[in-house]
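Note sheet for the following structure.
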């Protein structure tokens, strides 16, 4: 590795790799540092695999704008590069009059955000589309779909490598200091460790992104600026037997007020297998174990709109951890994507709280960050 590089990206999840693919060029020296043995071992491989349309997020937020832009970019990318995806469509199903009234607000929010093709369905129209679903009304989102996130990450890594970017696995960042010309990055790897200077440093460290912000230079007080992350665990249960074939679209509930996510929903993968999830539970440490402990919660959550599901159909499968900026009971927080120049750290770029819709937004996030990088390098 060189002692001086142009751009260093911490984290080889889907967002870090998307950024690398976008900013890498043959006249730039670009490193991607990943502490795990392969790409995307945390958030990027433990999720629903959904291409979202942009319905739920506050108007004009980065989540809304980058999700809507990313939706279009992802479908284009999948078509051009033969990445597995399917535009399944999605239904948000109301099971009561009160929930049906909430659909109106969701519909309005989605339309303001630019989510394409949203349509309100009556109970009869819902039955025509999905005969095995119960509901009094629903929103149809035709632009929602599913994607092979591992194939997407491989694509971004290959693109970055074709532009001479270097991805170093089993390489953990343990120190960041200001230095002439940028930042001295100290890393630990299988051979001990080393350090180098980078002109631009991009923090895409996912679950550890707040800790990377704390390491930086003169230091950022992550509590003072609101960067401290809260781990939020989401579990998934599989649906056994042929019942997984009884719906053809993604099926979501109406999110109850104050819910930290969008509710336990039906996830269909590219093989047609059905899962339910994710649940929501704040935790103090990263633990991916799943047991039968919350099986009743899953059954109760979906029984209203999935009447064909029996308790014994559900089996614990997997879990993921979301890096949430909002703590329990707090209002939704937007992505943090910013150059910290106004805090005395020019060229140090933090991407913090990149949870859902981070997968969908990844190519749009990459374009957004690339603009910041161009500005930083032109001014340095």
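Here the Gaussian network model covers the chain, with springs between Cα atoms less than 10 Å apart; of 132, 203, 116, 132 fluctuates the most.
So what is the 222 nm mean residue ellipticity for the chain from helices alone, if each DSSP H run of at least 4 adds -39500 (n - 2.57) and you divide by all residues, rounding to the nearest 500 deg cm²/dmol?
Taking each H run of at least 4 residues, the total per residue is -9000 deg cm²/dmol.
Output the antiparallel fraction of DSSP beta bridges having both residues in the chain, as a percent to the nearest 5. Counting DSSP beta bridges with both partners in the chain, the antiparallel share is about 70 percent. Dividing the radius of gyration of the alpha carbons in the chain by their Kirkwood radius gives 0.99 for Rg/Rh. Between 0 and 90 degrees, the angle of helix 14-23 with respect to the longest Cα principal axis of the chain falls at about 50 degrees.
Ranking of 106, 215 by neighbouring Cβ atoms within 10 Å, starting from the fewest: 215, 106.
Packing-wise, with mean Cβ within 10 Å as the measure, how do 40-52, 267-279, 300-312 rank, highest first?
Per-residue Cβ counts within 10 Å, averaged per peptide and sorted highest first, yield 40-52, 267-279, 300-312.
Using only the alpha-carbon atoms, how far is helix 62-81 inclined from the longest principal axis of the chain? Give it as 0 to 90 degrees, nearest 10. Once rounded, the angle reads 90 degrees. Largest GNM mean-square fluctuation among 151, 24, 137, using the chain with Cα springs under 10 Å: 151. Result for the chain in a Gaussian network model with C-alpha springs under 10 Å: among 86, 97, 63, the largest mean-square fluctuation is at 97. The stretch between residue 37 and residue 282 holds 85.5 nm of extra length on full extension. This uses 0.36 nm per residue minus the Cα-Cα distance. With neighbour counts taken as other beta-carbon atoms within 10 Å, the residues 33, 121 rank, fewest first, as 121, 33.
Enter the angle in degrees (range 0 to 90, nearest 10) between the Cα long axis of helix 358-379 and the first principal axis of the Cα atoms of the chain, meaning the one along which they spread out most. Between the helix axis and the principal axis of the chain, the angle is about 20 degrees.
All C-alpha to C-alpha distances of the stretch 327-373, sorted into 5 Å bins beginning at zero, yield P(r) values of 5, 19, 24, 22, 15, 11, 3, 0 percent in whole numbers.
Please work out the Cα center distance from the stretch 327-362 to the stretch 109-128, rounded to the nearest Å. One Cα centre to the other: 30 Å.
Read the figures in this text as sums done on the coordinates, not as results from a lab. As the structure is a prediction and not an experimental result, all values here were calculated from the model. Using ideal geometry, Cβ is built from the backbone for each residue, glycine included, and neighbour counts are taken over all protein chains shown.
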